[in-house]
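Visitor: Input: one structure, supplied below.
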Amino acid sequence: MLPTVVACLATSWRAGRATTAAVGALALTVGLLPSAAVWLGTLMIDELTTGRNAARVVALALAAAAAAALTAGLGQLGAYLAARLHRAITLTVQSDLYAKVSGFGGLRPFEDPRFRDRLRLAQNGAREAPLSVTALLSDGLRGAATVGGFAIAIGLLWPPMLLLLTVAAVPAYLSHRSLGRSAARTDRATAAQLYYRTLLTDPGANREIRLFGLGDLFRGRLHRSLEETTAAELGVHRRRAVVRALLGVAGVAVSALGTVVMALAVVDGRQTLGGLTMVAAATVGVQATLTALLGRLGDTTRSLAAVRHLTDVLAAPDDLPDGHLDVPPLAGTVEFEDVWFRYDDDGPWILRGVTFTLHAGWSTGLVGLNGAGKSTLVKLLCRFYDPQRGRIRWDGTDLRALRVDDLRRRIAATFQDFCRYELTAAENIGLGDVDRLTDRRAIARAAVMAGVGQAVAALPQGYDTTLVDGVLLSGGQWQRLAVARSLMRTDPDLVILDEPNAGLDAEAEHAVHTALRQSRRGRTTLLISHRLGAIRDADLIVVLAQGRVAEQGTHDGLMAAGGGYARLFRLQSASYGVPVAT
Ligand SMILES: Nc1ncnc2c1ncn2[C@@H]1O[C@H](COP(=O)(O)OP(=O)(O)OP(=O)(O)O)[C@@H](O)[C@H]1O
């Protein structure tokens, strides 16, 4: 827990040095004022019972009142500054978290279920962090100063009382700490709840939720998970109530013992009445403050545990070490050399020694059955992952040695599972080249090339219409929007199209193909498609089967060879009723 506390305080310091220092200083001052007020009250009682100097009594009463007034005033100032700090920390941790998340070079963290859970919990932690910091800095310091002030007063008058209070506080601390830890053990369930909440409100998911009638199932899982955590939380509350009741009784016994001993000392003349009042008030003050602090310890332990997920994510090493070389324009080849890849160290090999070459200026078609590893190969080409064995060379240089951002700037890609951004139609296209995000002419040109210009213009607010998945645009129109996005890059070295035709009708396919042919003229293209007719014109066709290159050549060469490609092509042509011409 200590490293998390240190991390919280360091974050607070980064979020606002002056505010952090002011909140801490005010907490200490406000924390010491109650003991000062009680001390002044003690002096006043002693003055009333011994000296009876009216001027001194009035001065002490006024000083005690001033201490109380200062407590109220500074307390409010402290609360305001703590609220300011809270907001500053919120901004800092949110920007830290999302800077880290977008700083991951590859996709591995986002596709690993354990890391995804951790990320959800870290998002929770980012919300809890400001509370943890203010609890530590403001309430924790103030409470510690109050206890310290009263402890000094008690120590001066009757030291054994300190021992009694400490003995009573240790079991209280230990039991509250263990209660806080058991409350923090519901992390896994919390991550599941966050997932089901998102799922139940996601437009894409809701189509299937309705169609397959999954609402009750998911709501049931969410409800059961909530019931589980609620039961665990109630258990903690129950045990906390019992512990608090027992501690309350122990506290009363300690304070009664102190009062009796001090009263006897007053009777013997070894103590003043003021001293008795001081010890009684200080004992109550220490106990009340400790009870309040310990009561919050459970919540603080819990929110610190949430913050720990945040600090873990922030400390996670980069999944993909960046290269240091600039990426030159592609002049020769991109070579796959005996590339082996699997997503998990224990999982099956997806690519098993893939070797082939993409030639600059050529269009290469990549075909293969479902699960053959085509999209995986594209992910390696964009360097979302690194192969475990073998290498991919860009004009002879291993991709690992190249600056990853530079490499990706040279690639324009439309992915099979492209993103439907809940942004305007213009932004959905313009995101393909952020430098021209607001360049309406370029956006309109890309939209027209992808054959979606008319559909976008017909939207209620045209290019300014905010799109939602499943609303306003059809699946094929979304797909053309994704193609338009990749066409925003005016001069990419490598164009990758991972099944851009899947959702397109025949007319649209023709329009998109024409546009793509224009845009990819003279450029290096990697086209993945299950419609073999779409890639028959490619300069080279590579057939992937079970993670290996099974065949490669031109359409005519592969048809003449009579292998798997020829068989598949004949099968497709027969089902479309198209005569096979080789
Ligand atoms: N993130 C991932 N984690 C683990 N396994 C994955 C991941 N992505 C893909 N796979 C597995 O890798 C294999 C190849 O998938 P890939 O998407 O590359 O195939 P594909 O040839 O593009 O298939 P399709 O034609 O269906 O698009 C599949 O068995 C798939 O289950």
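The values are calculated or read from the model by the stated rules, or taken from the named source; none is laboratory data. This one's a predicted model, so the numbers in the text were calculated from it and none came from an experiment. For neighbour counting, all protein chains shown are included, and Cβ atoms are generated from backbone atoms with ideal geometry for every residue, glycine included. Side chains included, ligands, DNA and RNA excluded: accessible areas come from the protein's heavy atoms. Shrake-Rupley method; radii C 1.70, N 1.55, O 1.52, S 1.80 Å.
Visitor: Exactly one condition in (1) under 21 Å from Tyr98 (Cβ atoms); (2) open to solvent by 70 Å² or more (accessible area, probe 1.4 Å); (3) modelled with pLDDT under 85 is false for Asp299; which is it?
Guide: The one condition Asp299 does not meet is (1).
Visitor: Regarding Arg352, is this residue over 30 Å from Ser102 (Cβ atoms) and of a type in the set (Lys, Arg)?
Guide: Taking the combined requirement at face value, the residue satisfies it.
Visitor: What pairs come out if I take residues in segment 340-360 that are over 28 Å from Arg523 (Cα atoms) and pair them with residues that are part of a strand (DSSP E or B) and more than 11 Å from the ligand (Cβ to nearest atom) whose C-beta lies under 8 Å away, six or more apart or interchain?
Guide: Short answer, once both residue conditions are applied: Trp349/Trp340; Arg352/Trp340; Arg352/Arg548.
Visitor: Given the conditions (1) within 36 Å of the chain's Cα centre (by Cα); (2) of a type outside the set (A, V, I, L, M, F, W, C); (3) more than 30 Å from Gly105 (Cα to Cα), and given that Asp268 satisfies all but one, which numbered condition is not satisfied?
Guide: (1)
Visitor: Turning to a different aspect of this structure: Go through segment 334-345 and report how many residues are open to solvent by 20 Å² or more (accessible area, probe 1.4 Å), on the phi < 0 side of the Ramachandran plot and either within 11 Å of the ligand (Cβ to nearest atom) or at pLDDT 95 or above (or both).
Guide: 6
Visitor: Could you check, for segment 391-402, whether at least one of its residues is open to solvent by less than 30 Å² (accessible area, probe 1.4 Å), over 22 Å from Arg548 (Cα atoms), not in a strand (DSSP E or B) and not small (Gly, Ala, Ser)? Steps first, please.
Guide: In the first step, residues of segment 391-402 are kept if they are open to solvent by less than 30 Å² (accessible area, probe 1.4 Å); the result is 392, 394, 399, 401-402.
Pick out the ones that are also over 22 Å from Arg548 (Cα atoms) and you get 401-402.
Of the ones still in play, those that are also not in a strand (DSSP E or B) are 401.
Among the residues that remain, those that are also not small (Gly, Ala, Ser) are: none.
Checking segment 391-402: not a single residue is open to solvent by less than 30 Å² (accessible area, probe 1.4 Å), over 22 Å from Arg548 (Cα atoms), not in a strand (DSSP E or B) and not small (Gly, Ala, Ser).
Visitor: Six or more apart or on different chains, Cβ atoms under 6 Å: show the pairs whose first residue is in segment 27-46 and within 19 Å of Ala135 (Cβ to Cβ) and whose second is open to solvent by 40 Å² or more (accessible area, probe 1.4 Å) and not in a helix (DSSP H, G or I).
Guide: No pair meets every condition.
Visitor: Are there any pairs with C-beta distances below 6 angstrom linking a residue in segment 224-252 that is touching a residue at least 24 places away in the same chain (Cβ under 8 Å) to a residue that is of a type in the set (S, T, N, Q) and open to solvent by less than 70 Å² (accessible area, probe 1.4 Å), with the two at least 6 apart or on different chains, and if so which?
Guide: Pairs that qualify, where the first residue is touching a residue at least 24 places away in the same chain (Cβ under 8 Å) and the partner is of a type in the set (S, T, N, Q) and open to solvent by less than 70 Å² (accessible area, probe 1.4 Å), are Ser225/Gln193; Thr229/Thr186; Ala232/Thr186; Val236/Ser182; Val243/Ser175; Gly251/Gln287.
Visitor: In addition: In segment 362-380, what residues are more than 8 Å from the ligand (Cβ to nearest atom) and open to solvent by 40 Å² or more (accessible area, probe 1.4 Å)?
Guide: Trp362
Visitor: Give me a count of the residues in segment 381-408 that are of a type outside the set (S, T, N, Q), within 16 Å of the ligand (Cβ to nearest atom) and either at negative phi or in contact with a Cys (Cβ under 9 Å, 6 or more places away or on another chain) (or both).
Guide: 7
Visitor: Hey, another quick one. Would you mind stating whether Leu62 is closer than 30 Å to Leu276 by Cβ and crowded, with 16+ Cβ neighbours inside 10 Å?
Guide: Numbers: closer than 30 Å to Leu276 by Cβ: yes; crowded, with 16+ Cβ neighbours inside 10 Å: no.
When the stated conditions are applied, Leu62 does not pass them.
Visitor: Applying the selection to segment 409-421, what residues are in a strand (DSSP E or B) and either open to solvent by 10 Å² or more (accessible area, probe 1.4 Å) or in contact with a Cys (Cβ under 7 Å, 6 or more places away or on another chain) (or both)?
Guide: The answer is Ile411, Ala413.
Visitor: Within segment 510-540, can you find the residues that are open to solvent by less than 40 Å² (accessible area, probe 1.4 Å), touching a helix residue (DSSP H, G or I) at 6+ places or on another chain (Cβ under 6 Å) and either under 11 Å from Val367 (Cα atoms) or at pLDDT 80 or above (or both)?
Guide: Once the filter is applied, which keeps residues that are open to solvent by less than 40 Å² (accessible area, probe 1.4 Å), touching a helix residue (DSSP H, G or I) at 6+ places or on another chain (Cβ under 6 Å) and either under 11 Å from Val367 (Cα atoms) or at pLDDT 80 or above (or both), segment 510-540 yields Leu527, Ile528, Ser529, Leu532.
Visitor: Quick one: in segment 251-288, of everything that is in a loop (DSSP other than H, G, I, E, B) and polar (S, T, N, Q), which residue is modelled with the highest pLDDT?
Guide: The qualifying residue modelled with the highest pLDDT is Thr272.
Visitor: Right, here's the next one. Please determine, by comparing only the residues of segment 211-230 that are over 17 Å from Ala191 (Cα atoms) and in a helix (DSSP H, G or I), which one is least open to solvent (accessible area, probe 1.4 Å).
Guide: Within segment 211-230, the match that is least open to solvent (accessible area, probe 1.4 Å) is Gly215.
Visitor: Here is a further query. Find the residue count for segment 462-481, including only residues that are assigned to a loop (DSSP other than H, G, I, E, B), touching a residue at least 40 places away in the same chain (Cβ under 8 Å) and open to solvent by 60 Å² or more (accessible area, probe 1.4 Å).
Guide: Total meeting the criteria: 1.
Visitor: Test of understanding: among Gly106, Gly31, Gly24, which residue is in contact with a Leu (Cβ under 7 Å, 6 or more places away or on another chain) and outside any helix (DSSP H, G or I)?
Guide: Unique residue meeting the criteria: Gly106.
Visitor: Please determine, by comparing only the residues of segment 133-159 that are part of a helix (DSSP H, G or I) and without any contact (Cβ under 8 Å) to a residue 40 or more places away in the chain, which one is most open to solvent (accessible area, probe 1.4 Å).
Guide: Per the stated criteria, the residue is Leu156.
Visitor: Can you find a residue in segment 441-461 that is open to solvent by less than 30 Å² (accessible area, probe 1.4 Å), among the hydrophobic types (A, V, I, L, M, F, W, C) and under 29 Å from the mean Cα position of the chain (by Cα)?
Guide: For segment 441-461, residues open to solvent by less than 30 Å² (accessible area, probe 1.4 Å), among the hydrophobic types (A, V, I, L, M, F, W, C) and under 29 Å from the mean Cα position of the chain (by Cα): absent.
Visitor: Right, another one. Among residues belonging to segment 98-124 that are away from the ligand (no atom under 16 Å from the Cβ) and among the hydrophobic types (A, V, I, L, M, F, W, C), point out the one that is surrounded by the most Cβ atoms within 10 Å (Cβ to Cβ).
Guide: Ala122
Visitor: Consider Asp491 against the criteria (1) in contact (Cβ under 8 Å) with a residue 12 or more places away in the chain; (2) not in a strand (DSSP E or B): it satisfies all of them except one. Which criterion is unmet?
Guide: (1)
Visitor: Please determine whether any residue of segment 85-97 is part of a helix (DSSP H, G or I), over 19 Å from Val307 (Cβ atoms) and more than 16 Å from the ligand (Cβ to nearest atom). Walk me through it before giving the result.
Guide: Residues of segment 85-97 that are part of a helix (DSSP H, G or I), as a first pass: 85-97.
After this cut, where a residue has to be over 19 Å from Val307 (Cβ atoms) as well, the list is none.
No, that holds for no residue.
Visitor: Also, quick follow-up: Which of the residues belonging to segment 210-231 are of a type in the set (A, V, I, L, M, F, W, C) and under 17 Å from Leu194 (Cβ atoms)? Spell out the reasoning first.
Guide: Here is the first cut: in segment 210-231, the ones of a type in the set (A, V, I, L, M, F, W, C) are 211-212, 214, 217-218, 222, 226, 231.
Passing the criteria: Phe218, Leu222, Leu226.
Visitor: Exactly one condition in (1) away from the ligand (no atom under 16 Å from the Cβ); (2) open to solvent by 10 Å² or more (accessible area, probe 1.4 Å); (3) under 23 Å from Arg410 (Cα atoms) is not met by Asp319; state its number.
Guide: Here Asp319 clears every test but (1).
Visitor: Another question, if that's okay. If we scan segment 422-433, do we find a residue that is among the hydrophobic types (A, V, I, L, M, F, W, C) and surrounded by fewer than 18 Cβ atoms within 10 Å (Cβ to Cβ)? Walk me through how you get there before you give the answer.
Guide: Filtering segment 422-433 for residues among the hydrophobic types (A, V, I, L, M, F, W, C) gives 423, 425-426, 429, 431.
Those still in the list that are surrounded by fewer than 18 Cβ atoms within 10 Å (Cβ to Cβ) too: 423, 431.
Yes, some residue in segment 422-433 is among the hydrophobic types (A, V, I, L, M, F, W, C) and surrounded by fewer than 18 Cβ atoms within 10 Å (Cβ to Cβ).
Visitor: Restricting to segment 302-315, and then to whatever is in contact with a Lys or Arg (Cβ under 8 Å, 6 or more places away or on another chain) and open to solvent by 20 Å² or more (accessible area, probe 1.4 Å), can you tell me which residue is nearest to Arg238 (Cα to Cα)?
Guide: Filtering first and then ranking leaves Asp312.
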